[in-house]
Amino acid sequence: MYHATKFGIEGFCEAVAQETAKYNIKVTIVEPGGARTEFRYGSAKVAKLTPEYDHVHGFLNMLDPSKGLAPGDPAKMASRIIESVDKPDTPLHMVLGSQALKATIERLEERVAAYKTQTETAASTDIKE
């Protein structure tokens, strides 16, 4: 549900951005990567997992500082967000963190590749005149 909600909000924001652009109202979707915060490395609590949730150990590793620290600096992230308010060229999607940008680009490239395999099927539904 977490990711589905984020995906829905992204679509909503993109639609609002299109509708408000003619009024010079801009929308920015901030997409921060992992950051070194107390939430991640201290206050997050996870219940004892049952075997059905064995696949989420990657998430648990993310919460364990001994497995590597997140590269993001929360103060720098906050500064970039605040600075973006006064910039005329702030993008619709503002990805913060080099790991987050790399992962985002990789996922988009996978999606584009998957779409490109549909050329024949897509064309087969066109009206031929």
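The values are calculated or read from the model by the stated rules, or taken from the named source; none is laboratory data. Given the structure is predicted, the values throughout are model-derived calculations rather than measurements. Positions of Cβ are generated from backbone atoms using ideal geometry, with glycine treated the same way; all protein chains shown enter the neighbour counts. With ligands, DNA and RNA removed, areas are computed over all heavy atoms of the protein, side chains included. Shrake-Rupley method; radii C 1.70, N 1.55, O 1.52, S 1.80 Å.
What to note about this one:
- Accessible area per residue (1.4 Å probe, heavy atoms of protein chains only) ranks 1, 62, 77 as 1, 62, 77, with the largest value leading.
- Loop-resident trypsin sites (Lys or Arg not before Pro) (DSSP state other than H, G, I, E or B) in segment 47-90 with no more than 11 further Cβ atoms inside 10 Å of their Cβ: 48.
- Only helical runs count toward this figure. For the chain, summing -39,500 (n - 2.57) over DSSP H runs of n ≥ 4 and dividing by all residues gives -14500 deg cm²/dmol at 222 nm.
- Pairs from 67/87; 76/116; 67/102; 26/76 whose Cα-Cα separation, in the structure shown, is over 27 Å: 67/87; 76/116
- Summarising the amide proton neighbourhood of residue 29: residues at separation of 5 or more, or on other chains, whose placed amide H is nearer than 5 Å comprise 93, 94.
- Average accessible surface area per residue within the chain, 1.4 Å rolling probe, Å²: 81
- Residue with peak Gaussian network fluctuation, the chain [Cα springs, cutoff 10 Å], from 33, 68, 58: 58
- Hz values of 3J(HN,Hα) by residue in segment 42-50 - Karplus curve (6.51, -1.76, 1.60), Gly and Pro given as x: x, 8, 5, 10, 10, 5, 4, 7, 8
- Rounded accessible area of residue 121 (nearest 10 Å², 1.4 Å probe): 90
- Evaluated with a Cβ-only charge set (Lys, Arg +1; Asp, Glu -1), segment 84-129 carries a dipole of roughly 160 debye about its Cα centre, given to the nearest 20.
- The ellipsoid equivalent to the alpha-carbon distribution of segment 53-129 has semi-axes of 36, 24, 9 angstrom, derived from the gyration tensor eigenvalues as √(5λ) and listed largest first.
- Phi angles across segment 114-120 convert, under the Karplus curve 6.51 cos²θ - 1.76 cosθ + 1.60 with θ = phi - 60°, into 3J(HN,Hα) values of 5, 4, 5, 6, 9, 3, 5 Hz, Gly and Pro given as x.
- Measuring nothing but alpha carbons in the chain and taking Rh as the Kirkwood radius, the Rg to Rh ratio lands at 1.07.
- The figure for residue 3 is an accessible area of roughly 130 square angstrom, using a 1.4 Å probe on the protein chains alone.
- When +1 charges are put on Lys and Arg Cβ atoms and -1 charges on Asp and Glu Cβ atoms, the dipole computed for segment 1-108 relative to its Cα centre reaches about 200 debye.
- In order through segment 9-25: 3J(HN,Hα) via Karplus (6.51 cos²θ - 1.76 cosθ + 1.60), integer Hz, x for Gly, Pro: 5, 4, x, 4, 5, 5, 5, 4, 4, 5, 6, 9, 4, 5, 9, 6, 9
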